[in-house]
Amino acid sequence: MDDRPLRLIAASPVDQLARTIEALLVVASQPLSLDELAEAVQDDPERVATALSLLGERYREGRCGIVLEHVAGGYAFRAAREAAEACMRLFERPTERGLSQAALETLAVVAYLGPVTRPEIARIRGVAADSAVASLAERGLIAEAGRESGAGGAVRYRVTALFERVFALESLAALPRLDDLGGEPDAIRERLLAVAEARAS
């Protein structure tokens, strides 16, 4: 039996780095990329990646109340699935409440074709997009991305990092491929709506 006196054991450098990164992720309001974390801790990206792997194992689904995920091009904590219902009762989450069919369709158009203007969205959907665009912008799922050239150019919209986080996407490249899209607005409309509904379910 080891009868050495109890004493504090100094953590390994990677353990210390992991704790610092853990704190950064807790206080961050949005996912932090590997480069952002490396810059904040003033350490090598490879060591930061090692520390993230350590945290990923510590905070994996089914082990803790929070989970470390790679989403929206960075790393962030989220509530574990088993705790999600309780969290929703505690906080009102307008960005995660059910989206209407019009909002889902508009969101899919912006995700796949953005930056895109309201007139372009309306042309694809076949109906006015003002209400859906305003609702999605209010929820923080889309944002302005400049204007078309020329005087009075229409505002262009793109999806945000919050969209990627809500839909658990590492980046927009993770969206399902739509290589078989036809050129007709009706075909585009049907395909984009189907994908949006699938991602939200």
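A few notes on this one:
- For the range 99-143 versus the range 16-71, the spacing of their alpha-carbon centroids is 33 Å.
- Applying 0.36 nm per residue to the separation of Leu34 and Ser100 and subtracting their alpha-carbon distance, the gain on full extension is 20.3 nm.
- Label point 7 Å beyond Cα of Ala137 along Cβ direction - residues of the range 144-165 with amide nitrogen under 20 Å: 144-164
- Packing, taken as the mean count of other beta carbons within 10 Å per residue, orders the peptides 25-31, 104-110 from highest to lowest as 104-110, 25-31.
- A straight chain from Met88 to Arg47 at 0.36 nm per residue would run longer than the Cα-Cα distance by 11.2 nm.
A short reminder: the numbers here are calculations on the coordinates, not readings from a lab. In this text, all values refer to a predicted model and were calculated from it rather than measured experimentally. Backbone-built Cβ (ideal geometry, glycine too); neighbour counts: all protein chains shown.
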